[in-house]
Amino acid sequence: MANTAHLVRRQSSRDLHVQRSIDRLELKEMKGRLVVENGNTGPAYGATNMAFEDTSPNTKIKSTLSSKRPSIDGKPIFKPEGGEDERESWDNKLTFLLATIGYAVGLGNVWRFPYLAQKNGGGAFLIPYFVMLAIEGIPIFYLELAIGQRLRKGAIGVWSQVSPYLGGIGISSAVVSFNVALYYNTIIAWCLFYFAQSFQSELPWSECPKVHFPNGTYILDPECMVSSPTQHFWYRTTLMVSEDISTPEVFNWKIALALVLSWTLVYLCMMKGIASSNLIVYITATFPYMVLIIFFFRGITLKGAYDGLHHLFTPKWHTLLDPVVWLEAGTQIFFSLGLAFGGLIAFSSYNPVNNNCFRDAITVSLTNCFTSMFAGIVVFSIIGFKATMIYDKCLDLRNTTLTNLFGPDYNERDLPPAGSFINVTVKNVTKSLMMPELEVCDLERELDNSASGTGLAFIIFTEAINQFPGAPLWAILFFLMLFTLGIDSQFGTLEGVVSSVSDMKLFPNMSKQQLTGAICGVCCVLSMIFAHGAGSYVFVLFDNFAGNFPLLIIAFFECISVSYIYGLNKFADDIEMMTGSRPGFYWMLCWKYLSPLAMISILVASIIEIATKGSGYSAWSSIKGETEWHQWPSWAIVLILVLLLASTLWIPGVAIARLFGIVVVDDSEKAWFPADELKDFHGIMPHEPTPAEQLLFCIRPDGSEGFCCATAPDDFDDL
C-alpha cells in the first residue's frame, strides 16, 4: 500500500512543484531510517523498492557511484541512478532513425530534386548542392537535434528555456508547421484519389473521355484532344479546376472526402504518440525505398533510360557561375531536411540524454541526399522512356507523311519549305499539293519537358506508366509510395505543433491523444479551402509562401540564439556531456557565422528574385488545353502577407511583450538532465579553449564568453 500511495503521489506531482519538495523530504527521511550493516545492502523491500526512487524532473542528480554498467555485449551503458525522466520516449533507436528519415525524406526528394538537377546544370548541380548541405543543411540539423535532446521539450519550450524573450521562435515554428500541415495533407488526399482510381483494368487517364449525344453517337472530349488524357484527368476530373483563383465555381466533393480520409489516417497513426507508433513508422519509412528499388530495376531496362540519365547527369559547368543555381540548391537542401519546423526538436526530445545526436544528424542528412539522387535516377530513367516513346511516334508520323508524298526514296535535305506547292505523282496522275507543316522531332526537347511537383507526379509520370505492361499495378505502387512518403513527413510536421501546444499546457485538461484529435479536426475543416475549383491555386499560394520565407527567418534566429544568447561554448559543453565528444571547430564556425550568412543570402536573393520577376500561378485554360501565367489578385496578396506575418511576427512580438512585463509564453519548468552523471560516465574534463576559439568565438581562457558572444543567464547552471 505504501508503494501504491507513493506512485499515486508521484503521478500527481508532475504539475505540483510543492508536492515534489514534500516527496523529496519524505524520501530522505525514509532512506535515513535504513540501517546498512557491514556495507551490505538488504533485499529490495520497503524504501529500497524502485517505487521509492525520486525521478522528479527537477531533481538534480548527484551520484558518487559510477554510471558505467556493462551491457549485454560488454560495452558500458549509461544508467542514471535516479531513473529517467517522465517524458515520452522512443521504444528503440531504430524507431527514432526511421521516423526522422521518414520525416526528412518526403515528396520533394522525388518530384523536385530531379527537376532542379536537370534544370540547373545536371551533374554540375551536385557541387552547390553538397556545398550548401555542408554549410547549411547538416549544421542546422545537428543544432536542432542537440538542443531538443538537451532541453527535452518541444520547440516552444526549448526556445523559452534559452531565453524568455525567445519564446516567439517556438511559436513561429508551430504556426508554420500548422500552415504547412494544412496544405501538405492535400497532396496525400490527391494520392489517395489516384490510388483508388488505379484499381481498374484500364486506367482512367489512359484515354480521352467520350462525350455522348442523345442519338447514341459520341465524340472524344475536345478539351482533352487539345491537351492530353493525363492532363485532362488531372485538371478536370481530379481538381475540377476553374479558370482562375477568383472563381472557385464548384465544390469538389471527391477531394473533400479524400481530405477527410487523409486526416483520419493521420490521426489514427499519431493518436498514441509518434514515438510509440513503431509498426507505422517501420512501414511508412521503408516502403518508399522498396518501391523506388522496384521502379529502378524497371526503369533502367526501358528503352530510352540511358538517354534520360545522360540528360540528367551531364554536367553543364557554366551554370556554376549563375547565382540562381546556388540559391535553388540552398533552398532545396533547407526544405528537404525539414529544418525549423520544430519536428526535429520534438523528435530528439524523446531520445535518451546520452544519445549520439551528431551521428544521427550525419546519418539522416546523407540518407536524405542520397535518396534524392537515387530518386532522380529512377525518375529520369522513366522520363527518358516517355520522351523516347514520343520521339519515336513523332518520327513514325513524319516518315509516314513524307513517304506518302514522295515515296520511300525521299531526301530530308531536299524537302521544300512548308506552305510551298509541290507536284506529286500518284498512280501516273500528277497533282499539285501544298507542302504540310511537319512536326519537328527533338529528343532533347522532350527530355527538357519535365516538370516539378504535382506536374511530374500526376501528369508526366502517369503518362509514362500508361505505356507499361500491367499499368494498373505500377500505378498502385507509385501512388502508394507517394502516400507513404507524404504521410510520414506529415507526422513530423504535425508533431511540431502537437508537442509545442502540449508543452505550453494551453489545454491542461486534454490528454495528448485528445489534443492531437482536436488539431487534426481543426485542420480537416480548414483544409476544405482546397476542395473546390480554385483549391489547387490556393494550394500553390500556400506552397510558395506558407513555409519558405518564415522558415528561413526562424532558422536564422535559431543559430543566433544558440551562438550569441545561450552561448556557443556552453552548447558545445552540453553536446560533449550527451555524446562524449565535443563538436568540432567547423560546426561551431557554421553555427556562429556560415549558416546564418547562408540563410540571409538565400532570403535576400529570393526577395530580389520575386521583386524583379514577379510572382503568380499557372492557371488552366480549357480553350488552349494548357496552363497560362496569371498574377496574384489583390486579395491573394493580402492572404500572402497574412501568412508571412502570422508566422514571423511572434519572434519580435513575444520579446517586446516580455520587455513590458507581459508573459506570452510561461515555461520556466526545467527538464530532467543528469549533467553530473553524464560527466562521470564520459569522464569529461573541463575544456580549455584553443587560441582559434578565443579569437573567432570570443571564448575566454576560463570558458566564459565575451561581449561578442554573450553568456547564457546564470540559472542555466541549474538545468
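Over all orientations, region 494-540 has a Cα convex hull whose mean projected area works out to 3.7 square nanometres. Over 10 Å intervals from 0, what percent of Cα-Cα pairs in region 479-615 sits in each interval? Calculated over all Cα pairs of region 479-615, the distribution is 9, 23, 30, 28, 10, 1 percent.
When +1 charges are put on Lys and Arg Cβ atoms and -1 charges on Asp and Glu Cβ atoms, the dipole computed for region 321-441 relative to its Cα centre reaches about 240 debye. For region 228-278, the carbon plus sulfur part of the accessible surface works out to 69%, probe radius 1.4 Å.
At a probe radius of 1.4 angstrom, the accessible area of region 644-684 per residue rounds to 51 square angstrom.
Computed over the alpha-carbon pairs of region 126-247, the distance histogram in 10 Å steps reads 10, 21, 21, 17, 17, 9, 4, 1 percent, short to long. Exposure check, 1.4 Å probe, all protein chains in place: Leu485 carries approximately 10 Å² of accessible surface.
Calculated on C-alpha atoms, the gyration radius of region 217-287 divided by its Kirkwood radius gives an Rg/Rh of 1.21. Taking every alpha-carbon pair within region 453-505, the share separated by more than 19 Å comes to 47 percent. Electrostatic bookkeeping for Met270 treats Lys and Arg as +1 and Asp and Glu as -1; over the other residues with beta carbon under 15 Å from its beta carbon, the sum is -1.
For region 107-159, what is the Kirkwood hydrodynamic radius in Å, using each pair of distinct C-alpha atoms?
13.2
Here region 133-227 has 62 percent of its accessible surface on carbon and sulfur atoms, given a 1.4 Å probe and all protein chains in place. If we count every other residue with Cβ under 13 angstrom of Gln513's Cβ, Lys/Arg +1 and Asp/Glu -1, where does the sum land? Result for the neighbourhood of Gln513: +1. The shape of region 578-654 can be summarised by an equivalent ellipsoid whose semi-axes, obtained from the alpha carbon gyration tensor, come to 40, 18, 13 Å from longest to shortest. Solvent-accessible area of Phe530, all protein chains in place: 10 Å² (probe radius 1.4 Å, heavy atoms, ligands and nucleic acids excluded). Length available on full extension from Ile422 to Asp396: 0.36 nm per residue minus the Cα-Cα distance, which gives 7.2 nm. Accessible surface computed residue by residue for region 129-168, with neighbouring protein chains in place and a 1.4 Å probe, gives 13 Å² per residue.
For region 466-547, the carbon plus sulfur part of the accessible surface works out to 67%, probe radius 1.4 Å.
Hydrodynamic radius of region 312-465 by the Kirkwood approach over all distinct alpha-carbon pairs: 21.0 Å.
Val379 sits with roughly 0 Å² accessible to a 1.4 Å probe, with DNA, RNA and ligands left out of the calculation. In region 231-375, the alpha-carbon atoms span a convex hull of 224 Å³ per residue.
With distances taken between every two different alpha-carbon atoms, region 362-416 has a Kirkwood hydrodynamic radius of 14.6 Å. Going down the list Lys254/Lys393; Lys254/Lys624; Lys303/Lys393; Lys512/Lys570; Lys570/Lys670, which pairs span over 24 Å between their C-alpha atoms? Violating the 24 Å Cα-Cα cut-off are Lys254/Lys393; Lys254/Lys624; Lys512/Lys570.
Rounded, prolate or oblate: which one fits region 422-546, using the alpha carbon gyration tensor with axes a ≥ b ≥ c (rounded when a/c is under 1.5, else prolate when a/b beats b/c, else oblate)? Prolate is the answer for region 422-546, as a/c is 1.5 or above and a/b outweighs b/c.
The values are calculated or read from the model by the stated rules, or taken from the named source; none is laboratory data. Small disclaimer: the values here were computed from a predicted structure and weren't measured. Ideal geometry is used to build each Cβ from the backbone, glycine not excepted, and the neighbour counts take in all protein chains shown. When the accessible area is computed, the model is the full protein with side chains, heavy atoms only, and any ligands, DNA or RNA have been set aside. Shrake-Rupley method; radii C 1.70, N 1.55, O 1.52, S 1.80 Å.
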